[in-house]
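Here the structure is laid out as structure tokens; the discussion comes afterwards.
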Amino acid sequence: MKELFPVKQVMGFVFSLILTAVALMVYFTDMSFSIGMTILLVTAFIQAGLQLVVFMHAGETNDKNSIYLNVYYGLIIALITIFGTLLILVWDM
Amino acid sequence: MDFFDRFAVPHPSFLIYASMVGIGLTMIAIVLGITYFKKWGYLWREWITTVDHKRIGIMYLLVALLMLFRGGVDAVMMRYQLSMPDNTFLDSQHYNEVFTTHGIVMILFMAMPFITFFFNYLIPLQIGARDVAFPRLNALSFWLFFMGMGLFNISFIVGGSPDAGWTSYFPLANNEFSPSVGTNYYMIAIQIAGLGTMISGINFITTILKMRAPGMKLMKMPMFTWSAFIANVIVVFAFPVLTVLLALGTMDRLFGTNFFTTDNGGMDMLWANLFWVWGHPEVYILILPAFGLYSEIIATFARRNLYGYKSMVVSMVVISVFSFLVWTHHFFTMGQGAFTNSIFSITTMAIAIPTGVKIFNWLFTLWKGKIIFTTPMLYSMLFIPLFTLGGVTGVMLAMSAADYQYHNTMFLVAHFHNVIIPGVVYAMIAGLTFYWPKMFGFMLNERIGKWTAWLMSVGFVLAFIPMYITGLDGQARRMYTYSESTGFSMLNMVSFIGAGIMAISFALLVYNIYYSIRYASRDIGNDPWDARSLEWATHTPVPEYNFAITPQVASTQAFWDAKKNGHELFKGKIEKIHMPNNSGWPFILGCIFFVFGFAMVFSIWPLAIVTLIGILGCLVYRSFEKDHGRYISVEEIEETEAKLRGAKK
Ligand code: HEM
Ligand SMILES: [Cu+2]
């Protein structure tokens with residue numbers, strides 16, 4: 001019975017509901033813009049990671065390494081683009 | 001009549017009317033010709049619905065050659081306009097349109113399909129696969145690309161060409177400064193073609209990762225496949241930026257949003273920024289497969305294993321990351337601080353290092369090699385010094401302080417043609433000459449081929465080296481004329497003569513194809529160049545299943561080992577082969593996309609909505625369609641094999 005019950009998925013589901021609730025809080029409570037944005041960003045990234053690992057089975061096949069390599073590569077490029085753009089157009093303009 | 005007014009060309013001239021008539025007559029001639037020879041069925045069954053990577057590849061090739069000539073005509077018109085001071089052949093508006101379409105056509109509709117042709121034709125053969133991972137998606141990629149190309153090319157006779165440069169910087173590209181639909185064409189046609197490119201990027205990555213022949217570890221792949229792999233990884237990460245950028249630009253132009261406006265919180269410089277976030281990786285997408293082709297050609301005709309395989313791979317992996325780290329070098333003068341410029345200066349210079357590593361590897365491969373000067377090899381030998389010159393001027397441009405002097409002058413124009421023509425275009429023609437016998441069963445004439453290579457190089461030097469000088473003297477790019485007193489006229493005349501010689505060399509290439517079709521020997525075997533990798537191990541012409549028995553690989557040059565060192569490629573016996581079915585779905589979806597794009601360009605909303613529903617309908621249909629492919633029986637394979645073997649003897 002133990003093998004049949006998808007503990008990981010159920011826990012993941014509960015956790016993603018909690019994350020959603022926390023994110024919703026930003027809308028319903030009265031907080032400063034920067035705190036609100038921080039909460040949204042943090043919950044959004046955890047949520048995305050959670051979905052990828054638990055529900056899209058990123059780590060469960062032989063392709064595990066290529067999948068994670070791809071995700072990291074994409075993340076690095078996205079971060080470079082975002083922070084590079086901020087540097088060019090905002091911080092050092 | 002109001003409705004039809006919008007389709008008129010806003011700035012017509014005799015040349016445009018003449019091309020309208022020309023295009024109309026050619027269309028009629030093609031339709032009549034196909035009908036007369038009763039080829040509609042053949043076209044539909046064998047080409048339009050095909051999912052065979054070789055045929056799709058050849059269709060890409062046709063588009064690339066066609067666009068090479070369209071872009072070439074643009075180029076000669078520009079050089080003629082500038083050959084004399086105060087020339088009135090083109091007025092400023094036409095000059096704008098011509099340099100804009102020249103840039104887009106050459107990069108996106110000539111160079112891109114040319115490399116995609118090589119990806120399609122070669123990757124499955126080099127890795128010993130039967131097709132790409134998703135054959136039907138591959139056909140869809142082609143048709144999306146084709147329809148984007150078609151949409152872009154009708155712009156100059158329906159509604160007007162884009163005229164804001166191939167970079168289409170805002171605010172110039174907004175509705176106020178570019179009121180014609182030309183820039184809408186830019187946004188939407190490139191979007192459709194770009195979707196095709198992105199899909200094929202995913203397709204090729206999957207193919208290379210999942211479908212290699214047994215024994216072919218990643219580090220045993222032929223160098224072209226490696227370069228294709230890296231180029232496609234860059235495609236998958238760079239093209240989404242273009243997609244988003246064009247979508248935002250479309251919204252600014254069609255729906256009045258404020259992403260790139262100068263007021264209401266918009267930021268016009270964001271366009272330039274994001275354009276080059278895609279644009280610089282794009283130039284590496286073009287050059288890496290070219291490097292791959294040179295590696296194949298140089299190893300074959302130096303009769304040596306490629307020197308420094310590992311360092312070649314490592315340098316390409318480094319390039320794949322670094323190409324995303326340098327984009328600011330395209331706008332050092334935009335106003336950001338010296339700190340930022342210094343960072344990007346350094347990264348730009350750093351990217352020259354892995355490129356240099358590759359140059360040295362080729363030189364070491366040639367060292368002690370038994371060099372055979374065939375046409376493809378001649379192109380490669382011309383490539384090394386000419387491309388190096390372009391790389392060196394690139395490093396000059398990379399110094400941000402100095403770039404204030406060079407930026408947007410003819411010096412820059414000379415730089416990028418200096419890397420793109422000897423780098424990419426030579427590779428395409430060398431590769432075409434090299435693989436021609438595999439595709440069509442006869443070789444191109446070597447004598448004419450060498451004449452072409454030399455003429456092209458003489459033309460190239462005459463056309464582009466003078467631009468370095470006039471650029472340093474202050475001749476700006478994209479300026480439609482200049483006065484006598486600037487003193488630019490002599491060198492610009494030389495450039496025009498060079499461009500003319502290059503045009504002659506391309507004509508000679510076409511003549512070579514014609515000549516070889518008529519006179520070349522058809523008795524050339526499967527491996528006329530005595531080459532090294534798997535694509536030469538199968539029959540010519542390549543049967544639809546590529547290899548009757550999946551090859552076994554143990555080194556980077558399996559076929560050479562099979563020929564010289566007793567390696568056994570084909571073990572086991574023939575079994576039935578599973579192949580995908582042809583399908584008209586990609587073509588139909590492509591056509592709907594074309595109409596959708598057209599409706600968007602001219603803001604014909606009802607049509608846009610209907611076609612959008614059509615597109616979604618096609619996707620839904622495909623999701624529920626059941627198509628398990630078909631099997632080629634053992635008897636049929638044996639028959640084909642016997643026939644192909646017999647053809648040789
Ligand atoms: C050694 C390597 C290279 C370096 C250091 C380099 C550097 C640069 C720099 C700094 C610019 C901008 C100059 C300006 O706008 O003032 C530039 C422009 C350009 N480069 Fe390169 N480059 C290199 C290789 C290549 C290669 C291999 C290609 C293409 C295959 C290429 C294609 C272009 C193009 C198309 C532009 C100009 C586009 C435009 O403004 O319309 N470059 N390069
Ligand atoms: Cu660049």
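The values are calculated or read from the model by the stated rules, or taken from the named source; none is laboratory data. Since the structure is predicted, the reported quantities are computational estimates derived from the model, not experimental observations. Note that each Cβ is placed from the backbone with ideal geometry, even for glycine, and that neighbours are counted across all protein chains shown. Ligands, DNA and RNA are stripped out before the accessible areas are found, and what is left, the full protein with its side chains, is counted by its heavy atoms. Shrake-Rupley method; radii C 1.70, N 1.55, O 1.52, S 1.80 Å.
For this structure, a couple of remarks:
- Look at the stretch B:28-41: where a residue is without any contact (Cβ under 8 Å) to a residue 40 or more places away in the chain and a partner is open to solvent by 100 Å² or more (accessible area, probe 1.4 Å), sitting 6+ places away or on another chain with Cβ atoms under 6 Å, you get B:Ile34/B:Trp40.
- Residue count, the stretch B:610-649 (criterion: open to solvent by 60 Å² or more (accessible area, probe 1.4 Å) and under 32 Å from the mean Cα position of the chain (by Cα)): 8
- The criterion of being more than 16 Å from ligand 1 (Cβ to nearest atom), crowded, with 19+ Cβ neighbours inside 10 Å and under 19 Å from the mean Cα position of the chain (by Cα) holds for B:Pro376.
- Condition met for B:Val318 (within 15 Å of ligand 1 (Cβ to nearest atom), assigned to a helix (DSSP H, G or I), surrounded by fewer than 22 Cβ atoms within 10 Å (Cβ to Cβ) and within 14 Å of chain A (Cβ to nearest Cβ)): yes
- Top-ranked residue of the stretch B:253-267 - restricted to ones that are within 14 Å of chain A (Cβ to nearest Cβ) and open to solvent by less than 50 Å² (accessible area, probe 1.4 Å), ranked as nearest to ligand 1 (Cβ to nearest atom): B:Phe260
- Candidate set: the stretch B:416-426, residues that are near ligand 1 (Cβ under 6 Å from one of its atoms) and open to solvent by 10 Å² or more (accessible area, probe 1.4 Å); chosen: the one farthest from B:Glu296 (Cα to Cα): B:Phe416
- Some residue of the stretch B:362-372 being open to solvent by less than 20 Å² (accessible area, probe 1.4 Å) and within 14 Å of ligand 2 (Cβ to nearest atom): no
- Of the candidates B:Leu274, B:Leu270, B:Leu242, the single residue that is open to solvent by 40 Å² or more (accessible area, probe 1.4 Å) and within 13 Å of another protein chain (Cβ to nearest Cβ) is B:Leu270.
- Any hit, the stretch B:494-507, residues being surrounded by 22 or more Cβ atoms within 10 Å (Cβ to Cβ) and at pLDDT below 95: no
- Flag if B:Val31 is within 22 Å of the chain's Cα centre (by Cα) and among the aliphatic types (A, V, I, L, M): no
- On inspection, B:Ile353 qualifies as within 27 Å of the chain's Cα centre (by Cα), within 16 Å of ligand 2 (Cβ to nearest atom) and open to solvent by 60 Å² or more (accessible area, probe 1.4 Å).
- Hits in the stretch B:131-158 - residues which are part of a loop (DSSP other than H, G, I, E, B) and touching a helix residue (DSSP H, G or I) at 6+ places or on another chain (Cβ under 7 Å): B:Asp131, B:Val132, B:Ala133, B:Phe134, B:Ser155, B:Phe156, B:Ile157
- Some residue of the stretch A:53-60 being surrounded by fewer than 11 Cβ atoms within 10 Å (Cβ to Cβ) and either of a type in the set (A, V, I, L, M, F, W, C) or within 14 Å of chain B (Cβ to nearest Cβ) (or both): no
Conditions tested, residue by residue: (1) under 30 Å from B:Trp276 (Cα atoms); (2) more than 14 Å from every other protein chain (Cβ to nearest Cβ); (3) open to solvent by 80 Å² or more (accessible area, probe 1.4 Å).
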site: A:Phe28; (1), (2), (3): no, yes, yes
site: A:Met31; (1), (2), (3): no, yes, no
site: A:Ile35; (1), (2), (3): no, yes, yes
site: A:Gln47; (1), (2), (3): no, yes, no
site: A:Tyr73; (1), (2), (3): yes, no, no
site: A:Thr85; (1), (2), (3): yes, no, no
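- Here B:Asn305 fulfils each of the conditions (1) assigned to a loop (DSSP other than H, G, I, E, B); (2) crowded, with 18+ Cβ neighbours inside 10 Å; (3) more than 22 Å from the chain's Cα centre (by Cα) apart from (2).
- Number of the exception - B:Tyr511 against (1) hydroxyl-bearing (Ser, Thr, Tyr); (2) open to solvent by 50 Å² or more (accessible area, probe 1.4 Å); (3) more than 25 Å from B:Ala64 (Cβ to Cβ): (3)
- Once the stretch B:321-348 is narrowed to residues that are facing chain A (nearest Cβ under 8 Å) and outside any helix (DSSP H, G or I), the residue that is nearest to B:Ala290 (Cα to Cα) is B:Phe324.
- When B:Thr333, B:Thr347, B:Thr300 are screened for being within 11 Å of ligand 1 (Cβ to nearest atom) and more than 19 Å from A:Tyr73 (Cα to Cα), only B:Thr333 passes.
- Residue within the stretch B:350-359 that is out of contact with any Cys (no Cβ under 9 Å at 6 or more places or on another chain), facing another protein chain (nearest Cβ under 10 Å) and under 24 Å from B:Phe114 (Cα atoms) present: no
- When residues of the stretch B:604-649 are limited to those that are of a type in the set (S, T, N, Q) and part of a helix (DSSP H, G or I), the one modelled with the highest pLDDT: B:Thr611
- Of all residue pairs spaced 6 or more apart or on separate chains, those with beta-carbon atoms under 8 Å, a first member in the stretch B:521-537 that is assigned to a loop (DSSP other than H, G, I, E, B) and a second member that is of a type in the set (Asp, Glu) are B:Ala531/B:Glu296; B:Arg532/B:Glu296; B:Ser533/B:Glu296; B:Ala537/B:Asp527.
- Cβ-Cβ distances below 7 Å connect the following pairs, each with a first residue in the stretch B:327-349 that is more than 15 Å from ligand 2 (Cβ to nearest atom) and modelled with pLDDT under 95, a second residue that is open to solvent by 40 Å² or more (accessible area, probe 1.4 Å) and not in a helix (DSSP H, G or I), and a separation of six or more residues or different chains: B:Gly335/A:Met93; B:Gln336/A:Met93.
- Scanning the stretch B:471-485 for residues that are assigned to a helix (DSSP H, G or I) and surrounded by 14 or more Cβ atoms within 10 Å (Cβ to Cβ) yields B:Gly471, B:Leu472.
- All positions within the stretch B:189-216 that are more than 14 Å from every other protein chain (Cβ to nearest Cβ), on the phi < 0 side of the Ramachandran plot and over 19 Å from the mean Cα position of the chain (by Cα): B:Ala213, B:Pro214, B:Met216
- Meets criteria (closer than 30 Å to B:Lys310 by Cα and within 14 Å of ligand 1 (Cβ to nearest atom)) for B:Leu389: yes
- Qualifying residue in the stretch B:288-296 (condition: near ligand 1 (Cβ under 10 Å from one of its atoms) and of a type in the set (S, T, N, Q)): no
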